[in-house]
């Protein structure tokens, strides 16, 4: 009876930057619990923090009372443990193509978030939420393949 391992952890916050530290801690602890090594935990936390900051700043235009949902689940890839993070929001009129393209054609202040996210995780997908307005961002981060030698701590 190990079904309980697959129950996701769900967090709902208002779109207020003061709650980002709570989510960072939760993501880090959950990722470690799900078997992600510390350096990979750190990269996942960075990606989630950046994604939430983008939602608050750009999606909700700084409004601090809008809903954001974060769902954390264990994931597995080729035997390597990992974490799936799903971030849902109710932002309006978001052009998903603009999200993806921004970091390619022009680098501007605040426009680097998407590249940071993409470089920090193994999988990153934006989609419209089914049956409701808003965007669903799915991030997956897996334990880095061990190369047989201890990782140097940068």
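The values are calculated or read from the model by the stated rules, or taken from the named source; none is laboratory data. What you are looking at is a predicted structure, and each value in this text was computed from that prediction instead of being measured. Ideal geometry is used to build each Cβ from the backbone, glycine not excepted, and the neighbour counts take in all protein chains shown.
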| Residue that is farthest from the chain's Cα centre (by Cα) [pool: residues in the range 34-69 that are surrounded by fewer than 21 Cβ atoms within 10 Å (Cβ to Cβ) and in a strand (DSSP E or B)] | 67
| Given (1) under 16 Å from the mean Cα position of the chain (by Cα); (2) modelled with pLDDT of 95 or more; (3) surrounded by fewer than 19 Cβ atoms within 10 Å (Cβ to Cβ), index of the condition residue 100 fails | (2)
| said: Restricting to the range 77-93, name every residue that is in contact with a helix residue (DSSP H, G or I) (Cβ under 6 Å, 6 or more places away or on another chain) and free of Cβ contacts under 8 Å to residues at least 60 places away in the same chain. | reply: 83, 85, 87, 91
| query | Among the numbered criteria (1) without any contact (Cβ under 8 Å) to a residue 24 or more places away in the chain; (2) at positive phi, which single criterion is violated by residue 19? | reply | (2)
| Taking the condition part of a helix (DSSP H, G or I) and either modelled with pLDDT under 95 or in contact with a helix residue (DSSP H, G or I) (Cβ under 7 Å, 6 or more places away or on another chain) (or both), does residue 23 pass? | yes
| field | All positions within the range 76-88 that are more than 17 Å from residue 12 (Cα to Cα) and crowded, with 19+ Cβ neighbours inside 10 Å | value | 82, 83
| request: Collect the residues in the range 22-33 that are over 11 Å from the mean Cα position of the chain (by Cα) and either within 22 Å of residue 135 (Cα to Cα) or crowded, with 21+ Cβ neighbours inside 10 Å (or both), keeping them in residue-number order. | output: 22, 26, 30, 31
| note | Over the range 104-136, the set of residues buried (at least 18 other Cβ atoms within 10 Å of the Cβ) and either at pLDDT below 85 or farther than 20 Å from residue 84 by Cα (or both) is 113, 114
